[in-house]
Structure formats: C-alpha cells, structure tokens
Amino acid sequence: MPNILSIKNLNVFYEKFHAVKDIDLSLNEGEIFVICGPSGSGKSTLIRAIAGLEKPKSGEILINNKAMNEKEVLNKNIFGMVFQQFNLFPHLSILENITLPLMKVKKISKSESIEIAHGVLSKVKILDQKDKHPSKLSGGQQQRCAIARSLAMNPKIMLFDEPTSALDPEMINEVLDVMTDLASAGMTMIIVTHEMGFAKKIANKIILMDNGEIIESNTPNNFFNNPETERTKSFLNQVLQH
Amino acid sequence: MLDIDFMIEILPRVLRASLVTLEISFLSLSFSILLGLAFSMVALTSGKFVNILIRCFVEFTRGVPQLVQISIIYFALPYIGIFFDEFWTGVVALSFIGAGYTIEIFRNAVLNINKGQQEAGKILGFSNYQNLIYILYPQIIKRSLPPITNELINVVKASALLSVISVNELTKIMNDVIFEYFVVIEVLLEATIMYLLIISVLVYISRYFEKKLVI
Ligand SMILES: Nc1ncnc2c1ncn2[C@@H]1O[C@H](COP(=O)(O)OP(=O)(O)OP(=O)(O)O)[C@@H](O)[C@H]1O
Ligand SMILES: [Mg+2]
C-alpha cells in the first residue's frame, strides 16, 4: 500500500515546555497505528499536532508525500478526529450534528446531507437516535455519533484520542466494535488508547511514548510478547495489571 | 388622602412618557446586544491589540458614571458631525453603556462552553467565523438570557438619566408634572408603578424566550 502520512522531525512546544520531541513516523494506506504511553507522555499533543490543532515548532507533515501546513490539513478535511469527551454540538440533534458540517463546509445540499448522515448513522448503529439531542444519549452512543460525524466528512485518516476513556465499562465494546468495523473497511487510523487487548488485535504498528519521545516502535506481536526496551516491559506490567 | 382624580387626569401624559421609556429601553438593549455580539466576536477572533482596545471600552463604560457618559455622547456626536435628536442621542448613549455589559456577558458565556466543541468544529473544517455563528452563538444566546434580563432592568433604570438631556421619558415628564402642579406624592407613586409595570412586562417577555430556547 502507498504511503499516506509521513511525519519528520516533529517538535511541539507549550511555551518553553518541549512536549513532543523529534518524532518521525510513517503510515501506509489502511494501516492502524496505535500510540500508548503513560499520562503526560505527549500522546494527545502528538495526535493534535498531526490533526492541525497544535502548531509544531518544527518538522514536516506529508500527506501522500506532499508537505502540508495546519491550515491546508484542516481545509482539506484530511483528518477526522474523535475525542475523549465526544465534543458533539449540544444544541443540535444527532442528525444536525452531522448535516451541519456537510452543508456549511462541503456545501452539500440539505437533502443529500441527510442521506449521507443516514448512511453513517446506520454504520454506527444509532440511526434510530437521529432526532434526539446528544445529552439524551448514552456515552457510547454519543461517541458513535462523533465517529459518524467525522466519517461523513470523508477523511483520509481517522484520529482517535482515548475514545473510550470517558465511557462506562459496559459501553466500551460498542465503540471498539465500530472502530474494528472501520478498520476492516480499510480506513487508515491512528489511535491513542489504554485498551491493550484491543490494540493487540487491531494494530499494524504500535508505539510507546514517554516524555515526548518514541521509546519503542514495533509490531503488536513483538510489542506485547517480546518488547525491545525495559521501559516497554514496565509499562506493560503496569497497564496489564489493571 | 391621595388625589385619585388628579392621578387619572395626568395618566395619558404618563402613559405616553412610559411608552417613550419602553421604546428607548427596547432599542438600546437590542443595539447593545448586537454591539456585544459583534465586539465579543471580534475579541475572540482578533489579536492582543484589538482585545486591549475592547477591554478599554469595557472599562470605560463600566467605570465612568453613566450621567457623564450620556453628556459625553450628547456633546460629542454633534462635534463629530452627527446630529441626532435627543431621543436617538439617548438611544446611542444607552446602547454603548449596555454594550460594555453585554460584551462581558457573551465573553463569559463563551468561556463557559467546553472548548472541545470548537476544536471538533475546526477539524470538521469550520472557519473561526463559522464556529462562532453555528456552534457558539446559538448556545451563548441561551445561556446569556438570564444576565441579559438583568441588563434589561438596568437599561430601564438608566433611561431615567436621559431626563438631563431633555428626552421626554418617564422621569422627565414626572419632574415636569411635579413642577407644573406642585403635587409630589401622587406623581411619584404613579411613575413608580409605571416603572415596575414596564420592568415586569419586559422580564416576562424575556423569561418566555428563556423557556422557548431549549437546548
Ligand atoms: N495546553 C497546554 N499547555 C501547557 N502544557 C501542556 C498543555 N497541554 C499539555 N501540556 C503538557 O504537555 C505534556 C504532554 O501532554 P499530553 O496531553 O500530550 O499527554 P498525554 O500523553 O495525552 O497524557 P494523558 O494520557 O493524560 O492524556 C504534559 O506534561 C502536559 O502537562
Ligand atoms: Mg491525552
């Protein structure tokens, strides 16, 4: 598969604080890339910088081998992003959450937008909730709506920042199942998660971050069964105990 | 005893003046809401310098006595070549005074809305402007209605100050009547009732909209 995303020497600072240090990574079309690491290691910062939400101090982001700045990345809907806190628009219905960006950003007609929305909502299995407001839905349903909203914009790559961390345990699987479906359908994804079982199943590549650096980058099999670094071993010991 | 006949006799004049007060309050509040929305939008999408200017404006409208501000507008408008009658001068003055408060009301409402929504909007491809219009403002307006209702009460009360620039609103007419007939208690009582009525009606309308705008 051709290369879809390359990141070269990416550095992100918050004022003086160096949150993401000299990151290189590369992703082919259809690959699933999992990022894990302890709290404060820079996972969110990295994924936000990729998405165009943080301005890197230096480094390059290439989409299909073409360098792009944050503005281009945002304008061209390269990425869809799913947040820990869902970030749905509370004043709009589930359906409107999806049609509004289609109509206002993509300038698609209302009827066509509704058709697209129905399509993505049935993909995530909440079409029957379409007329409710987000606050009337369970966390799992809200997160699936957020995924549908991103998908509707037809992004090249989906980014997930701890999509199940704010969910009650019994709702985690319904969201992970949707993500698994997406992966099978060939979507390229970058996922920050603490769900190690899920990571092992779905990932093509997995990295461990600490202190803003990539400590280990490996295949899931090696990462879990035969990690290269002591740091990975102790991280796995910690998360797998819980 | 109260002279009820006298109170009825002056009622048409008092009612006409109340209508002027109501008009001024309604217009001023509408303009200050529009100014507040516009300024808060500019503040949220602009850099430091513009924000400092807006900050100065807010501090000015809040810090300088309203009577002084009204006089400034009254004398300043003709000076820069704008000739309004007393009524519209009063509206301009109260609109600016109100805007100092509405900017802060809207700004606080924005700060209370989870920032994640705007980030989600940004990734979906919304411009800053679209984020404001489609995501923030609909929510801000709902959240701001209770403080706006308070501001409405302030505007009605501040409109009394326009008597100094001879706007024929309730307080001015009240004073005129007192000095024409040398009757005090009845006139004060009637004016007080009118102010309370005006405020009750406006608050009622505002509460109605608060209920209408469900999230
Ligand atoms: N807006 C900000 N301003 C200043 N420092 C920040 C900001 N956001 C994050 N940081 C700091 O940058 C570092 C990396 O944060 P980041 O949120 O990327 O970590 P994370 O790996 O996503 O952690 P978690 O697992 O808790 O979500 C942390 O030390 C954090 O305190
Ligand atoms: Mg994080």
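The values are calculated or read from the model by the stated rules, or taken from the named source; none is laboratory data. Since the model is a prediction, treat every value here as computed from it, not as a measurement. Cβ placement follows ideal geometry from the backbone for every residue including glycine, while neighbour counts extend to all protein chains displayed.
Structure notes:
- Within the set A:PRO134, A:PRO169, the sole residue that is surrounded by fewer than 19 Cβ atoms within 10 Å (Cβ to Cβ) and closer than 27 Å to A:SER93 by Cα turns out to be A:PRO169.
- Per-region count, the range A:69-89, residues more than 11 Å from chain B (Cβ to nearest Cβ) and either surrounded by 18 or more Cβ atoms within 10 Å (Cβ to Cβ) or part of a helix (DSSP H, G or I) (or both): 1
- Checking A:ILE98 against (1) within 21 Å of the chain's Cα centre (by Cα); (2) at the interface with chain B (Cβ under 9 Å from one of its Cβ atoms), the condition it does not meet: (2)
- In the set (1) of a type outside the set (Phe, Trp, Tyr); (2) at pLDDT 95 or above; (3) farther than 24 Å from A:PHE198 by Cβ, the condition left unmet by A:VAL34 is number (3).
- When the criteria are applied in full, B:ILE105 fails the requirement of being assigned to a helix (DSSP H, G or I), within 13 Å of chain A (Cβ to nearest Cβ) and either touching a residue at least 40 places away in the same chain (Cβ under 8 Å) or aliphatic (A, V, I, L, M) (or both).
- Taking first residues from the range A:192-209 that are more than 19 Å from A:GLY80 (Cβ to Cβ) and away from every other protein chain (no Cβ under 14 Å) and partners that are of a type in the set (D, E, K, R) and within 15 Å of ligand 2 (Cβ to nearest atom), the Cβ contacts under 8 Å between residues at least 6 apart in sequence or on separate chains come to A:HIS194/A:GLU162; A:MET209/A:LYS43.
- Number of residues in the range A:76-97 that are away from ligand 2 (no atom under 16 Å from the Cβ) and either farther than 21 Å from A:LEU27 by Cα or among the aromatic types (Phe, Trp, Tyr) (or both) equals 11.
- Meets criteria (under 12 Å from the mean Cα position of the chain (by Cα) and within 16 Å of ligand 1 (Cβ to nearest atom)) for A:ILE157: no
- Given (1) within 13 Å of ligand 2 (Cβ to nearest atom); (2) touching a residue at least 24 places away in the same chain (Cβ under 8 Å), number of the condition A:LEU27 does not satisfy: (1)
- Residue check, A:ILE191 under 20 Å from A:ASN237 (Cα atoms), modelled with pLDDT of 95 or more and either within 15 Å of ligand 1 (Cβ to nearest atom) or surrounded by fewer than 21 Cβ atoms within 10 Å (Cβ to Cβ) (or both): no
- Within the range A:194-214, restricting attention to residues that are small (Gly, Ala, Ser) and out of contact with any Pro (no Cβ under 8 Å at 6 or more places or on another chain), the residue that is nearest to ligand 1 (Cβ to nearest atom) is A:GLY212.
- Each residue in the range B:5-14 was checked for being in contact (Cβ under 8 Å) with a residue 12 or more places away in the chain and in a helix (DSSP H, G or I), and 5 of them qualify.
- Qualifying positions in the range A:1-29 - assigned to a strand (DSSP E or B), away from ligand 1 (no atom under 16 Å from the Cβ) and surrounded by 14 or more Cβ atoms within 10 Å (Cβ to Cβ): A:ASN3, A:ILE4, A:LEU5, A:SER6, A:LYS8, A:SER26, A:LEU27, A:ASN28
- The condition of being modelled with pLDDT of 90 or more, over 26 Å from B:VAL203 (Cα atoms) and surrounded by fewer than 20 Cβ atoms within 10 Å (Cβ to Cβ) does not hold for B:PHE87.
- Annotation note: of A:SER122, A:SER93, A:SER26, A:SER109, the sole residue that is of a type in the set (Gly, Ala, Ser), more than 25 Å from A:SER184 (Cα to Cα) and more than 14 Å from chain B (Cβ to nearest Cβ) is A:SER109.
- Meets criteria (within 16 Å of A:ILE47 (Cα to Cα) and touching a Ser or Thr at 6+ places or on another chain (Cβ under 8 Å)) for A:GLY59: no
- Scanning the range A:136-161 for residues that are basic (Lys, Arg), assigned to a helix (DSSP H, G or I) and in contact (Cβ under 8 Å) with a residue 60 or more places away in the chain yields a count of 1.
- Residue selection: B:ILE193 fails the criterion of being more than 14 Å from chain A (Cβ to nearest Cβ), on the phi < 0 side of the Ramachandran plot and surrounded by 15 or more Cβ atoms within 10 Å (Cβ to Cβ).
- Test: residue in the range B:45-52 that is in contact (Cβ under 8 Å) with a residue 12 or more places away in the chain, within 30 Å of B:ASN131 (Cα to Cα) and part of a helix (DSSP H, G or I): yes
- The set of residues in the range A:135-168 being more than 11 Å from chain B (Cβ to nearest Cβ), of a type in the set (Asp, Glu) and within 16 Å of ligand 2 (Cβ to nearest atom) consists of A:GLU162 alone.
- Listed conditions (1) among the polar types (S, T, N, Q); (2) more than 16 Å from ligand 2 (Cβ to nearest atom); (3) under 18 Å from the mean Cα position of the chain (by Cα) are all met by A:THR193, apart from (2).
- Residue count for the range A:30-67, restricted to those that are away from chain B (no Cβ under 14 Å), over 14 Å from A:LYS8 (Cα atoms), surrounded by fewer than 19 Cβ atoms within 10 Å (Cβ to Cβ) and more than 9 Å from ligand 1 (Cβ to nearest atom): 1
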